[in-house]
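Engineer: Let me begin by handing over the structure; questions about it come next.
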Amino acid sequence: MSPETILIILALCISFYMAWNIGANDVANAMGTSVGSGALTLKWAILVAALMEFAGAFLVGSHVTNTVRKGIIDPAIFTSDPNSYIYGMIAALLAAGAWLNIASYKGWPVSTTHAIVGAVLGFGILFSGFGAIHWNKVSQIAASWVVSPVLSGAISFSIFILLRRIIFYSKTPVDSAKRMTPFLVFFVVGILTLVLVFKGLKNLHLDLPLSQALMLAGLTGLLGALISIPLVKRVKSPRSEKAVEEFIDPKVEKSMQKVVMHLRRVSESVTGELSDEISNVLKKSENISTRFEKYSNIKHVSTEYLTVEKIFVYLQILSACFVAFAHGANDVANAIGPLAGVLSAIKNGVVGMEAQVPMLVLLLGGLGIVIGLATWGWRVIETIGKYITELTPTRGFAAEFGAAITIVLASKLALPVSTTHTLVGAVLGVGLARGLNSLNLRTIREIVISWVITIPAAALLTAAFYLIIKSSFS
């Protein structure tokens, strides 16, 4: 067997390994909130994500890809030594896959794009020194560690606060949810159409001008809203007259909590006879506040509130499907981009700026993603859906929708964002809307550390694998 044949087989196997790890780590982000909220079981989440991711990767995955992802290094530096380029890209795929493998085992949601960027960075420095790296690109990617989670977190926080105020603080939550649903469907379908146009379908050269994209999004959103109207009318409200009479405005509950807080401060500062009177008032106020809180907790598990959550189950699944499709179309290039470059270099003997992607390679990438999700995806799904904060369908919807809006804004404003970081930030934003105590700070700390070390870890692994592969074929 010739060295070229061995290299092709090695590149195909390692590319499949990389795709498997993308499925195990990155794909889980799209479905993590759906599983955590109970909108989908783990089995159905894997089936739905597998279908949407494979469709995105195989049907609209890039047929022409950059041979070196994200413009970190210039392929022209390998003109005189295409073999080193081949060894380096194989090493980069293996290193990025290995790091994702470790992250998935730990349940860390890390960016596959950052992993392959770090891998290419390590190879570029080893081959041609620090001067060969486009550091402005690297700094933009590093900026996404902050931009992605902060932006998506703020948007998801705002969406959840708005939903809580309009629906859950209403005297008739189900009726409010039914009135809001067509408008929510309009924005959800419209925004997610923009996600596909800007992020997922650009590989089919459907990156429409903003005006045309907005028109298409508006039409699809309107169609979705019209379809939702007769469907939502079928939802029956379990509301009773007694429930309306017993309604307590949440603003009153919050005001009572503030009264208790101020009385405690006064009680600590006052002495003498007045102190006894204030203590009595404080005790009565605390009793009233506790009764309000108990009533609120009972109300939140009532039939009416469960009905509202059921409505949002469908909205959350819809948004998760769109995100998974767009992710499959876009991020499969992290596995097949370097592979296409390697195959092209072996076939032609030169390193090009771009390479054609055969359909069989797209099929390989799509299958790898699906198998990775099915076998190991549950680990990261649990982290996103259960270990950061407690999720319900409304909270999960707010997170998914906030992430989708962030992706659209970032795509058109040329902001460097990671899908992984965006979704994690969105979940954090929803959790923060319920108070800092609702967040698992230990899990968050581990996730942030894993983000920071992804690029250097992938770079160091690539350098080691490159030296091993080069010595094996030299």
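Engineer: Report the charge-dipole magnitude of the chain in Debye, nearest 20, computed about the Cα centre from +1 at each Lys and Arg Cβ and -1 at each Asp and Glu Cβ.
Structural biologist: Details: 37 positive and 26 negative charges, 180 e Å.
Rounded to the nearest 20 debye, it is 860 debye.
Engineer: Rounding to the nearest 10 and keeping the result within 0 to 90°, find how far the Cα-based axis of helix 3-25 lies from the longest principal axis of the chain.
Structural biologist: 0 degrees
Engineer: For helix 250-269, what angle does its Cα long axis make with the longest principal axis of the chain, in degrees from 0 to 90 and rounded to 10?
Structural biologist: 80 degrees
Engineer: How far is helix 303-331 tilted off the main Cα axis of the chain, in degrees rounded to 10, range 0 to 90?
Structural biologist: So the inclination is approximately 20 degrees.
Engineer: Shifting gears a bit: Treat each spin label as a single point 7 Å out from the Cα along the C-beta direction, and report the SER80 to LEU460 distance in nm.
Structural biologist: A separation of 3.2 nm, rounded to one decimal place.
Engineer: Let me spell out the model: positive unit charges on the Cβ of Lys and Arg, negative unit charges on the Cβ of Asp and Glu, origin at the Cα centre of the stretch 378-438. What dipole size does that give, in debye rounded to 20? Let's see the in-between values first.
Structural biologist: Numbers: 5 positive and 3 negative charges, 7 e Å.
Dipole about the Cα centre, nearest 20: 40 debye.
Engineer: I need the fraction of alpha carbon pairs in the chain separated by more than 33 Å, rounded to a whole percent. Provide the component values of the computation, followed by the final result.
Structural biologist: Details: 47940 of 112101 pairs.
When every Cα pair of the chain is considered, 43 percent fall beyond 33 Å.
Engineer: Now, a different point. Whole-Hz Karplus ³J(HN,Hα) for the stretch 374-387, in order, using 6.51 cos²θ - 1.76 cosθ + 1.60 and θ = phi - 60°, x for Gly and Pro?
Structural biologist: Running phi through 6.51 cos²θ - 1.76 cosθ + 1.60 with θ = phi - 60° gives 5, 8, 10, x, 4, 5, 6, 4, 5, 4, 5, x, 10, 8 Hz.
Engineer: Can I ask one more? Mean separation of Cα pairs under 8 Å and 6+ residues apart, divided by the residue count of the chain: what relative contact order is that in percent? Numbers along the way, then the final one.
Structural biologist: Details: 817 pairs, mean separation 198.3, N = 474.
Answer for the chain is 42 percent.
Engineer: Next question, about the same structure. For every other residue with a beta carbon closer than 13 angstrom to the beta carbon of ALA374, add +1 if it is Lys or Arg and -1 if Asp or Glu, then tell me the sum. Walk me through the intermediate numbers first.
Structural biologist: Working: positive: LYS43, ARG379; negative: GLU53.
Local net charge: +1.
Engineer: Let me ask you something else. Within 14 Å, Cβ to Cβ, of SER275, how many net charges do the neighbouring residues add up to if Lys/Arg are +1 and Asp/Glu are -1? Numbers along the way, then the final one.
Structural biologist: Working: positive: ARG264, ARG265, LYS283; negative: GLU268, GLU273, ASP276, GLU277.
In short, -1.
Engineer: Next question. Rank the residues CYS13, CYS321 as a footprinting-exposure proxy: fewest other Cβ atoms within 10 Å of their Cβ go first.
Structural biologist: Details: CYS13 14, CYS321 20.
So the residues, fewest neighbours to most, are CYS13, CYS321.
Engineer: Which ordering of HIS327, HIS134, HIS114, HIS262 is given by a fewest-first count of other beta-carbon atoms within 10 Å? Can you show the working numbers first?
Structural biologist: Working: HIS327 29, HIS134 15, HIS114 25, HIS262 12.
Ordered by Cβ neighbours within 10 Å, fewest first: HIS262, HIS134, HIS114, HIS327.
Engineer: Farthest toward the dipole's positive end in the stretch 1-133, which of MET89, ILE125, THR41, given Cβ charges of +1 (Lys, Arg) and -1 (Asp, Glu) about the Cα centre?
Structural biologist: Towards the positive end, the residue furthest out is THR41.
Engineer: Let me ask another. Compare the peptides 304-312, 98-106 by average per-residue count of other Cβ atoms within 10 angstrom and give them in order, highest first. Spell out each step's value before the answer.
Structural biologist: On the way: 304-312: 19.6, 98-106: 21.8.
Listed from highest to lowest mean packing, they are 98-106, 304-312.
Engineer: Could you tell me which of the pairs LYS43/LYS137; LYS106/LYS347; LYS43/LYS254; LYS171/LYS233; LYS106/LYS254 are separated by over 29 angstrom between their Cα atoms in the structure shown?
Structural biologist: Values: LYS43/LYS137 39 Å; LYS106/LYS347 39 Å; LYS43/LYS254 40 Å; LYS171/LYS233 19 Å; LYS106/LYS254 40 Å.
Result: LYS43/LYS137; LYS106/LYS347; LYS43/LYS254; LYS106/LYS254 exceed 29 Å.
Engineer: To the nearest 20 debye, what charge dipole does the stretch 31-154 have about its Cα centre, counting +1 at the Cβ of each Lys and Arg and -1 at the Cβ of each Asp and Glu?
Structural biologist: Working: 5 positive and 3 negative charges, 48 e Å.
Dipole magnitude for the stretch 31-154 comes out near 240 debye.
Engineer: Helix-only estimate, please: 222 nm mean residue ellipticity of the chain, summing -39500 (n - 2.57) across DSSP H runs of length 4 or more and dividing by its residues, to the nearest 500. Walk me through the numbers on the way to the answer.
Structural biologist: Details: 17 runs with 361 residues, N = 474.
Theoretical 222 nm ellipticity from helices: -26500 deg cm²/dmol.
Coordinate-derived values only; no laboratory data. The shown structure was predicted, so the numbers you read here are calculated from the model rather than taken from an experiment. Note: ideal-geometry Cβ built from the backbone for every residue, glycine included; neighbour counts use all protein chains shown.
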